[in-house]
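This report concerns only the one structure given below.
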Amino acid sequence: MAAYTEEEFAEELKNQEYKFGFTSEIESDKIPAGLNEDIIRMISAKKQEPEWLLEYRLNAYSVWQEMTEPEWAHVKYKKPDFQAISYFSAPKKQYESWDDVDPEMKATMDKLGISMDEQKKLTGVAVDFVMDSVSVATSFKEKLGELGIIFCSFSEAVQDHPELVKKYLGTVVPTQDNFYAALNSAVFTDGSFCYIPKGVRCPMELSTYFRINEAGTGQFERTLVVADQGSCVSYLEGCTAPQRDENQLHAAVVELIALDDAEIKYSTVQNWFPGDKDGKGGVFNFVTKRGICHTNSKISWTQVETGSAVTWKYPSCVLKGDNSIGEFYSVAVTNNFQQADTGTKMIHLGKNTKSTIISKGISAGESQNSYRGLVQIGSRADNARNFTQCDSLLMTDKCGAHTFPYIECKNNSAKLEHEATTSKIGEDQIFYCQQRGLSEEKAIGLIVNGYCKEVLNKLPMEFAVEAQKLLAISLENSVG
Amino acid sequence: MSKILIDIKNLHAEIEDEGKKILKGLNLTVKAGEVHAIMGPNGAGKSTLASVVSGKDGYEVTEGSVEMDGKDLLELDPDERAKEGLFLAFQYPVEIPGVSNINFLRTAINEIKEYRGEEAVSAKDFMSMVREKSKLVELDSKLASRAVNEGFSGGEKKRNEIFQMAMLEPKVAILDETDSGLDIDALRIVAAGVNKLRNENNAVIVITHYQRLLDYIVPDFVHVLADGKIVKTGDKSLALELEEKGYDWLTTENA
Ligand SMILES: Nc1ncnc2c1ncn2[C@@H]1O[C@H](COP(=O)(O)OP(=O)(O)O)[C@@H](O)[C@H]1O
Ligand SMILES: [Mg+2]
């Protein structure tokens with residue numbers, strides 16, 4: 001089978017007829033604010049879920065009620081009022097017309113080189129374009145179907161593949177794992193589901209970008225990726241356009257399962273609304289992401305985080321199987337009054353397990369950027385190895401960078417290496433670039449991208465290009 | 001008569017925060033096709049002159065003017081000065097980890113071209129330019145694809161500066177102690193490179209405190225910068241005299 005190219009997409013896009021009458025239905029679908037058992041039953045009923053899933057939600061709700069919001073992270077924010085949130089509504093603001101879209105946001109998208117049509121799609125303006133993409137997605141799905149790959153919304157998976165969902169849901173991130181995970185388990189509305197059958201190498205990057213119904217998943221997203229034995233998949237989450245969202249709280253859960261000899265690469269570029277220059281508004285992003293690695297398998301997380309007012313996120317790997325490998329490559333940028341507390345956990349349980357952590361924090365403005373990492377070596381994990389490199393780059397004198405590396409080692413054969421650096425962006429470097437003809441902004445962009453290169457190199461090509469532009473944009477006027 | 005490329009008049013500059021006066025009424029005129037050497041004791045203000053002319057932060061010009069090819073440089077941002085054709089070979093070139101020399105230069109060249117309303121250079125033309133120009137200073141082509149100055153030896157850094165100069169083809173190049181830390185072979189290579197880049201339309205200002213470089217890059221004028229001013233100007237023979245007598249006779253004579 002020939003690879004499905006972007007050109008083919010574009011061609012098909014042109015040839016698609018519009019199908020109307022989809023989005024308006026969703027828009028009218030709202031549940032009153034507040035959280036109680038009835039609301040959860042209502043969500044489940046609206047989604048026509050099986051009984052076991054309702055039970056799962058109700059159990060999560062009662063677990064959540066017993067929990068308290070964690071306070072250990074190095075972030076400060078006003079706690080959300082959980083009773084003031086509507087748990088089932090179109091979570092992204094749909095603009096009435098193109099004129100209503102924030103000009104600042106349009107300008108940013110222009111800089112990213114996103115076409116007008118694409119911009120409209122991303123801001124949810126042009127319904128027809130949305131519909132168009134759904135049909136594109138359908139043909140995309142057919143191609144995958146030939147290989148037995150399932151890639152659909154979480155809701156669809158519940159309807160069409162309940163046995164798979166039931167088997168794996170909550171096996172990596174159990175309900176009681178943490179406050180936000182419990183909340184998500186009770187009220188998640190939608191997300192993505194992906195299953196790669198035994199021995200299949202997925203021939204293309206799977207991206208939620210191609211699945212426009214993802215636009216309706218927002219607040220409490222639930223994602224489950226299962227790579228069966230010997231399979232291989234690269235999954236891209238989100239897209240690099242700025243997403244301005246009225247919802248303050250995002251609490252997603254992502255679970256990855258790599259069965260024996262399988263490989264999952266999960267890349268994220270997160271660019272939720274970070275709040276304005278004075279620190280007003282912005283998304284709280286409290287995400288639980290974790291993968292489990294069976295024998296000889298590998299999970300690799302790559303993230304570029306530039307958005308959100310408050311980020312609390314630790315994509316982790318449980319290296320259960322012998323010889324399994326976990327990787328975490330991260331760039332986290334904070335500017336103005338943003339706060340990020342992010343890092344990873346590598347839990348080594350199997351023998352000869354290996355993990356690599358490369359974290360690049362960049363703080364600007366008056367922001368606070370923390371790396372928090374745990375490397376845990378279990379007593380049976382003979383010859384486990386970890387390499388951690390944790391770099392912080394400061395753009396101003398008012399921002400902060402913090403690192404909290406934790407190590408728990410119960411096996412003497414482990415080899416652990418940790419390197420950490422903190423540096424201030426060099427005025428000399430900037431001047432050097434300027435003297436060669438680069439504007440200050442270009443210079444900063446170049447220096448920062450160089451600093452993040454090891455991580456950006458891990459992203460799929462197209463993503464990496466956009467991520468580079470995004471980094472430059474997030475740091476405009478940021479040196480001081 | 002060839003045209004004036006650099007015209008510095010009565011330049012006074014001080015360190016911004018401390019108010020420490022470094023340049024105290026400096027005059028210098030450089031015409032197209034000329035090579036000027038600026039010599040002087042350590043701490044005289046030679047690097048400060050280069051910094052002020054190229055627009056580095058941290059200095060305040062309190063009096064005087066600097067024009068390049070008729071344009072008021074002091075009005076322009078550092079990158080605009082570069083785009084107008086000013087090049088500074090740094091005394092201490094910085095490292096930029098993760099950014100390849102090639103990517104760096106291509107970005108720079110295209111920025112400059114855009115400023116001048118010219119078309120961007122194609123990848124192919126750019127690469128043949130890299131090959132050609134790196135030969136000029138015998139820079140290992142592997143260095144061209146490595147990160148800017150990262151892990152370069154002192155001599156490689158200096159050669160890389162001249163390589164960049166060759167790529168950017170400036171109107172006016174200021175070489176700030178490009179000879180320091182170079183052994184005699186590297187010095188010859190660097191000087192030969194500079195000589196090949198000289199022509200009747202550009203000018204080179206060589207800052208040095210050894211006359212040995214001037215055996216290879218032969219200057220039309222030699223100036224002595226002491227206590228923030230040009231205290232003496234002569235031809236090449238002045239450099240030899242300085243080598244022999246040092247600078248004291250000039251500074252005391254002037255005091
Ligand atoms: N940024 C600065 N802050 C404080 N003093 C400076 C700074 N730059 C230069 N100076 C001082 O200015 C004087 C001239 O320095 P410089 O121009 O580097 O001399 P040269 O290059 O001739 O050796 C010296 O006394 C030096 O200490
Ligand atoms: Mg000097």
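The values are calculated or read from the model by the stated rules, or taken from the named source; none is laboratory data. No experiment lies behind these values; they were computed from the predicted model shown. Cβ sites come from the backbone with ideal geometry, for glycine too, and all protein chains shown count toward neighbours. For the accessible areas, the whole protein counts, side chains as well, though only heavy atoms, and no ligand, DNA or RNA atoms are used. Shrake-Rupley method; radii C 1.70, N 1.55, O 1.52, S 1.80 Å.
Criterion applied to B:D72, B:D57, B:D17 was being open to solvent by 10 Å² or more (accessible area, probe 1.4 Å) and more than 16 Å from ligand 1 (Cβ to nearest atom), and the one residue passing it is B:D72. Kindly evaluate B:I6 against the criterion of being in a strand (DSSP E or B), within 16 Å of ligand 2 (Cβ to nearest atom) and buried (at least 18 other Cβ atoms within 10 Å of the Cβ). Answer is no for this residue.
Inside segment A:162-177, residues that are open to solvent by 20 Å² or more (accessible area, probe 1.4 Å) and within 18 Å of the chain's Cα centre (by Cα) make up a count of 0. Of the residues making up segment B:132-165, those that are away from ligand 2 (no atom under 16 Å from the Cβ) and within 13 Å of another protein chain (Cβ to nearest Cβ) number 9. When the test is whether a residue is within 28 Å of B:P219 (Cα to Cα), of a type in the set (D, E) and more than 11 Å from every other protein chain (Cβ to nearest Cβ), B:E63 does not pass it. Does at least one position in segment A:398-419 carry a residue that is within 13 Å of chain B (Cβ to nearest Cβ) and at pLDDT below 95? No, segment A:398-419 contains no residue that is within 13 Å of chain B (Cβ to nearest Cβ) and at pLDDT below 95. When A:A401, A:A414 are checked against the criterion of being open to solvent by less than 70 Å² (accessible area, probe 1.4 Å) and in contact with a Ser or Thr (Cβ under 8 Å, 6 or more places away or on another chain), A:A401 stands alone in meeting it.
Here A:E104 clears all of (1) at pLDDT below 70; (2) part of a loop (DSSP other than H, G, I, E, B) except the condition numbered (2). Considering segment A:420-439, the residues that are open to solvent by 60 Å² or more (accessible area, probe 1.4 Å) and facing chain B (nearest Cβ under 7 Å) include one that is modelled with the highest pLDDT, namely A:D428.
If you go through segment B:189-199 one residue at a time, do you hit one that is in a strand (DSSP E or B), in contact with a helix residue (DSSP H, G or I) (Cβ under 9 Å, 6 or more places away or on another chain) and open to solvent by 10 Å² or more (accessible area, probe 1.4 Å)? Looking through segment B:189-199, none of the residues is in a strand (DSSP E or B), in contact with a helix residue (DSSP H, G or I) (Cβ under 9 Å, 6 or more places away or on another chain) and open to solvent by 10 Å² or more (accessible area, probe 1.4 Å). The set of residues in segment B:25-48 that are of a type outside the set (G, A, S) and either more than 17 Å from B:Q211 (Cα to Cα) or more than 13 Å from ligand 1 (Cβ to nearest atom) (or both) comprises B:L26, B:N27, B:L28, B:T29, B:V30, B:K31, B:E34, B:V35, B:H36, B:T48. Residues in segment B:151-188 that are small (G, A, S) and at pLDDT below 90 were compared, and the one that is surrounded by the most Cβ atoms within 10 Å (Cβ to Cβ) is B:A186. The C-beta contact set for segment B:45-56 (first residue more than 10 Å from chain A (Cβ to nearest Cβ), second residue of a type in the set (F, W, Y) and within 8 Å of ligand 1 (Cβ to nearest atom), distance under 8 angstrom, 6+ apart or interchain) comprises B:T48/B:Y59; B:V52/B:Y59.
Every condition in (1) within 16 Å of ligand 1 (Cβ to nearest atom); (2) buried (at least 19 other Cβ atoms within 10 Å of the Cβ) holds for B:R81 except the one numbered (1).
The residues on offer are B:I8, B:I22, B:I102, and the sole one that is modelled with pLDDT under 95 and away from ligand 1 (no atom under 13 Å from the Cβ) is B:I102. Considering segment B:42-51, the residues that are crowded, with 17+ Cβ neighbours inside 10 Å and over 16 Å from A:C433 (Cα atoms) include one that is nearest to ligand 2 (Cβ to nearest atom), namely B:S47.
All of A:G326, A:G307, A:G343, A:G321 fail the test of being part of a loop (DSSP other than H, G, I, E, B), closer than 23 Å to A:P460 by Cα and either within 12 Å of the chain's Cα centre (by Cα) or not β-branched (V, I, T) (or both), apart from A:G307.
Residue-by-condition table, conditions (1) in a loop (DSSP other than H, G, I, E, B); (2) closer than 23 Å to B:V206 by Cα; (3) more than 9 Å from every other protein chain (Cβ to nearest Cβ):
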position	(1), (2), (3)
B:Q91	yes, yes, yes
B:V94	yes, yes, no
B:G98	no, no, no
B:T107	no, no, no
B:E119	yes, no, yes
